[in-house]
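> Following this message is one structure expressed as C-alpha cells.
The values are calculated or read from the model by the stated rules, or taken from the named source; none is laboratory data. Keep in mind it's a predicted model, so treat the numbers as computed, not measured. Surface accessibility is based on the protein's heavy atoms, side chains included, excluding ligands, DNA and RNA. Shrake-Rupley method; radii C 1.70, N 1.55, O 1.52, S 1.80 Å.
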Amino acid sequence: MLKEFQEFALKGNVLDMAVGIIIGAAFTAIVSSMVDDLIMPPLGVLLGGIDFSDKYIQLTMRDQAFASLAAARQAGAAVIAWGAFVNAVIKFVIVAFALFMLIKQFNNLKRMLEREHAAAEPAAPALPADVALLTEIRDLLAKRA
C-alpha cells in the first residue's frame, strides 16, 4: 500500500496540481487586493461613499449600535456580513474571468499548433529511380507466377 501511495504521490499530475494550487493561492491574494484596494473604493464613491466590506445586518444585540463589522463580531453579535459577500462575489467573477481568458488563449494556441503541425507534415519522399524500377519488376514477376 505504501508503494502504491508513493507511485500516486510522485506522478507528474499530482505535482502539477500542487504547483497549480500554490499559484492559485498567490493569484487569490492578488485578486483580493485588487478587489479590496482598487475596485471597491471607486465603486463605493460612485454609490455615494459606501464601503461594502463593512456592511452588515445585525441579528442579535439590537439594543446596541456598533461602529463597524469587526466591533460587532468582537462583541459577539450575530451578523450577516452582506458586504463581505458582495466582495467575495466580485472576487469570484474576476477569478472566473481570468481563468476563462487563460483557457481561451491556451485553446487558441493549441489549435494554432495543430494547424501548423498538419501543414508541416511532409509528403512521403519519392523513391529513388532504381528502387522504383526494381519494385515495378517485382510486381510484374508476381503477376506472371
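> For the chain, modelled as a GNM with alpha-carbon contacts under 10 angstrom, which of Met40, Met101, Met61 fluctuates the most?
Met61
> What do you get for the angle between helix 82-120 and the principal long axis of the chain? Use alpha-carbon atoms, 0 to 90 degrees, nearest ten.
Approximately 10 degrees, to the nearest ten.
> In Å³ and rounded to a whole number, note down the convex hull volume per residue for the Cα atoms of region 40-144. Write down the numbers at each step before the final one.
Values: hull volume 22.9 nm³, N = 105.
Spread over its residues, the Cα hull of region 40-144 gives 218 Å³ apiece.
> Once you wrap a convex hull around the alpha carbon atoms of region 97-145, what is its projected area averaged over all directions, in nm²? It would help to have the intermediate numbers written out before the result.
Working: hull surface 22.3 nm².
With the hull built on Cα positions only, its mean projection is 5.6 nm².
> What is the angle, in °, between the Cα long axis of helix 12-33 and the longest principal axis of the Cα atoms in the chain? Nearest 10 is fine, range 0 to 90.
With both axes taken from Cα atoms, the answer is about 40 degrees.
> From the helices alone, meaning DSSP H stretches of at least four residues, give me the mean residue ellipticity at 222 nm for the chain, per-run term -39500 (n - 2.57), in deg cm²/dmol to the nearest 500.
Details: 6 runs with 99 residues, N = 145.
One gets -23000 deg cm²/dmol as the mean residue ellipticity at 222 nm.
> May I pose another question? With a/c under 1.5 counting as rounded, go ahead and sort region 1-70 into rounded, prolate or oblate using the C-alpha gyration tensor (a ≥ b ≥ c being the square roots of the eigenvalues; past the cut-off, prolate if a/b is larger than b/c, else oblate). Working shown, then result.
Numbers: a/c = 6.89, a/b = 2.22, b/c = 3.10.
Oblate.
> Amide H to amide H under 5 Å from Val79: which residues, 5+ apart in sequence or cross-chain, H placed 1.01 Å off N in plane?
Leu59
> What number comes out for accessible area per residue over the chain if the probe is 1.4 Å? Units Å², please.
Values: 11750 Å² over 145 residues.
Computed with neighbouring chains in place, this is 81 Å² per residue.
> Calculate, axis by axis, the spread of Cα positions in region 32-94 along the three principal axes, and write the results as whole Å, longest axis first.
36, 24, 14
> Follow-up. Can you return the aspartates and glutamates within cross-link range of Lys55? Criterion is Cα-Cα under 19 Å, with same-chain partners fewer than 8 residues away left out.
Answer for Lys55, where 19 Å is the Cα cut-off: Asp36, Asp37, Asp63, listed by chain and number.
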